[in-house]
Amino acid sequence: MPLVVVLDTNILTVPAQFGVDIFSEAERILERNVEFIVLDSVVVELERNLKTVTGKEESWFKIALDLVERCKVVKTVDTQQSVPVDERILQYAKSSKGVIATNDKGLKERAISQGTPVLYLRSKKRLQLIGFTA
């Protein structure tokens, strides 16, 4: 059974910003078969950001949306519409015993405090894992 890695908005912009292949890096670090998950609310966030930015940031979000095609998009329950995206990511990762991939400092700290492992960009060159995956 593959290990679930839940990607947030900012980690999906890493390949465009820094040229890091987050998919191969995650597989290298985790040393197992990985299923990449993107919540539908993250896709909405990417689309919303794409409409509000220009220049190089616009290309980051276009590339991020292209990368979503390499992931399984999971629809969140309609009752979660009032729940913030980061909270949904935390809940999904915890319920699937997965890993969160993020560069968001607040999300990273909350995940670690709840015992959820986190993949994040280190030195703008590679991903690093904090926490233990069974």
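The values are calculated or read from the model by the stated rules, or taken from the named source; none is laboratory data. Since we're looking at a predicted model, the values are computed, not measured. Note that we place each Cβ from the backbone using ideal geometry, even for glycine, and neighbour counts take in every protein chain shown.
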For residue 50, only one of the following conditions fails: (1) under 14 Å from the mean Cα position of the chain (by Cα); (2) closer than 23 Å to residue 88 by Cα. What is its number?
(1)
Of everything in segment 12-34, what is of a type in the set (Phe, Trp, Tyr) and either over 21 Å from residue 62 (Cα atoms) or at pLDDT below 95 (or both)? Give them in sequence order.
none
Looking only at residues that are in contact (Cβ under 8 Å) with a residue 40 or more places away in the chain and not in a helix (DSSP H, G or I) in segment 37-81, which one is surrounded by the most Cβ atoms within 10 Å (Cβ to Cβ)?
39
For residue 45, the lone unmet condition from (1) modelled with pLDDT of 95 or more; (2) under 19 Å from residue 85 (Cβ atoms) is (1)
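Mind checking whether some residue in segment 12-32 is at positive phi and assigned to a loop (DSSP other than H, G, I, E, B)?
yes
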Count - residues of segment 103-134 that are closer than 20 Å to residue 31 by Cβ, touching a helix residue (DSSP H, G or I) at 6+ places or on another chain (Cβ under 9 Å) and in contact (Cβ under 8 Å) with a residue 24 or more places away in the chain
11
The correct count of residues that are in a loop (DSSP other than H, G, I, E, B) and either at positive phi or at pLDDT below 95 (or both) in segment 105-134 is 9
